[in-house]
Structure formats: structure tokens, C-alpha cells
Amino acid sequence: MLRLLAVGLLLGTGLGSAAWAQASAKFDGQYRGELTLTKEIKENCTQPPLGALYPLRISRGQVQFVYVPRFDTTLRGWVDENGILKASARIRHGSVQMTGRIRGNNITARIISPSCNYTFQTKD
């Protein structure tokens with residue numbers, strides 16, 4: 001009986017993981033967007049060049065965003081089945097957090113660091 005319970009749990013976990021991966025994979029793709037400096041907490045923020053587009057990649061529900069203007073680091077995280085994304089990276093003096101939402105092919109997100117805040121908006 002215990003053996004049947006263990007097999008059932010393994011199958012249930014596998015099917016649940018597959019369903020989650022399939023749901024989050026619906027947002028997979030390469031996105032490009034503009035960064036806008038919205039708040040300067042310390043006086044060493046970098047204004048992104050006008051018209052510069054920054055890549056955001058989602059693969060199997062995993063988010064990857066290269067955050068170049070200030071820290072030259074990569075934010076990593078997840079997107080859930082509702083299109084809510086969260087990514088972060090540790091830096092020397094704290095962390096950088098990205099939170100946002102995907103609607104269709106559009107992503108809007110906020111990036112908050114110890115010294116600067118930005119918004120990210122996809123452009124077609």
C-alpha cells in the first residue's frame with residue numbers, strides 16, 4: 001500500500017510540474033524594451049540612451065534580463081501562469097528587483113535598485 005502511495009505522489013508531482021511548465025511557457029520569447037529612469041536615489045544613475053532597446057528573454061518560464069545601464073548584471077527569475085514576472089540579482093550594495101506583467105506581447109515592469117529606479121516597456 002505504501003508503495004502505491006509513493007508511486008501516486010511521484011506521478012502527481014510530475015504531472016503538476018508539467019502543467020506548470022506548460023502554462024508558464026506560453027510567455028516564452030525574446031522581448032525588447034526601453035528603460036526610463038524614474039527616480040534617482042543617489043546621484044550616480046545612468047540615463048539610458050534615447051531609443052536604446054534592452055533584451056528580456058523568457059524560456060520555459062524563466063526570465064533573464066541584462067541590466068546594463070547601471071550595474072551590468074543579469075536579473076533572473078520566473079513568470080507565472082498569469083503573466084506576473086519577478087527577477088532579481090544581488091549586487092555589491094544590496095539587490096536589484098524587477099517586477100512586472102505580461103499582456104499579450106507587451107511587458108511593463110519596474111526595476112528598483114539601491115540607487116536608481118527604472119521602468120521597462122516593450123516596443124514592437
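The values are calculated or read from the model by the stated rules, or taken from the named source; none is laboratory data. These figures come from a predicted structure and were not determined experimentally. Heavy atoms of the whole protein, side chains included, go into the accessibility calculation; ligands, DNA and RNA do not. Shrake-Rupley method; radii C 1.70, N 1.55, O 1.52, S 1.80 Å.
Cross-link partners among lysines for LYS42, C-alpha distance below 30 Å, same-chain residues fewer than 8 apart left out?
Within reach: LYS86, LYS123.
Rank these by accessible area, largest first, 1.4 Å probe: GLU43, GLU81. If you can, show how the numbers build up before the last one.
On the way: GLU43 180, GLU81 80 Å².
Sorted by accessible area, descending: GLU43, GLU81.
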